[in-house]
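Structure first, then comments.
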Amino acid sequence: MIKAFVLIVVDPARTVDVFEQLRAVQGIAEVYQVMGPYDIVAVVEVPNLTDVPSVISKHIRAVEGIESTTTCVTFPEAS
């Protein structure tokens, strides 16, 4: 599995709504509201690296209220 952390800046008036919508997205394993320069952290878990851009562009950035995202993809674990 490939894991990516998506750091999300949200319109403050939409944080709870965005959080709830992200919890329903297939490919997102965990979602957290956080304090700091980002408002939400979503943990994406997908079978292949090539699946990450689709989850980001089609399902995360499409949510109304998201202002920006920063994605950090983890290195695959050595087997």
Going by what's in this entry, would Val55 be described as part of a strand (DSSP E or B) and touching a strand residue (DSSP E or B) at 6+ places or on another chain (Cβ under 6 Å)?
no
Search result, residues across the range 22-42 that are in contact with a helix residue (DSSP H, G or I) (Cβ under 9 Å, 6 or more places away or on another chain) and touching a residue at least 24 places away in the same chain (Cβ under 8 Å):
Leu22, Val25, Gln26, Gly27, Ile28, Asp39, Ile40, Ala42
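What are the residues in the range 58-70 that are assigned to a helix (DSSP H, G or I) and among the basic types (Lys, Arg), if any?
Selection gives Lys58 alone.
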Among the residues that make up the range 9-30, is at least one of them more than 9 Å from the chain's Cα centre (by Cα), assigned to a helix (DSSP H, G or I), aromatic (Phe, Trp, Tyr) and farther than 13 Å from Thr70 by Cβ?
yes
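Here's the yes/no breakdown for (1) within 13 Å of Ile8 (Cα to Cα); (2) crowded, with 17+ Cβ neighbours inside 10 Å:
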residue: Leu22; (1), (2): yes, yes
residue: Gly27; (1), (2): no, yes
residue: Tyr32; (1), (2): yes, no
residue: Pro47; (1), (2): no, no
residue: Pro53; (1), (2): no, no
residue: Ile60; (1), (2): yes, yes
residue: Glu67; (1), (2): yes, no
residue: Thr70; (1), (2): yes, no
residue: Phe75; (1), (2): no, no
For the range 16-35, what are the residues that are more than 19 Å from Met1 (Cα to Cα) and touching a Leu at 6+ places or on another chain (Cβ under 9 Å)?
Val34
Condition first: touching a helix residue (DSSP H, G or I) at 6+ places or on another chain (Cβ under 6 Å), crowded, with 17+ Cβ neighbours inside 10 Å and either small (Gly, Ala, Ser) or at pLDDT below 95 (or both). Can you find one or more residues in the range 6-19 that meet it?
no
Filtering the range 34-66 down to residues that are at negative phi and either small (Gly, Ala, Ser) or in contact with a Cys (Cβ under 8 Å, 6 or more places away or on another chain) (or both) yields Ala42, Ser54, Ser57, Ala62
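The values are calculated or read from the model by the stated rules, or taken from the named source; none is laboratory data. In this text, all values refer to a predicted model and were calculated from it rather than measured experimentally. Virtual Cβ from ideal backbone geometry, glycine too; neighbours counted across all protein chains shown.
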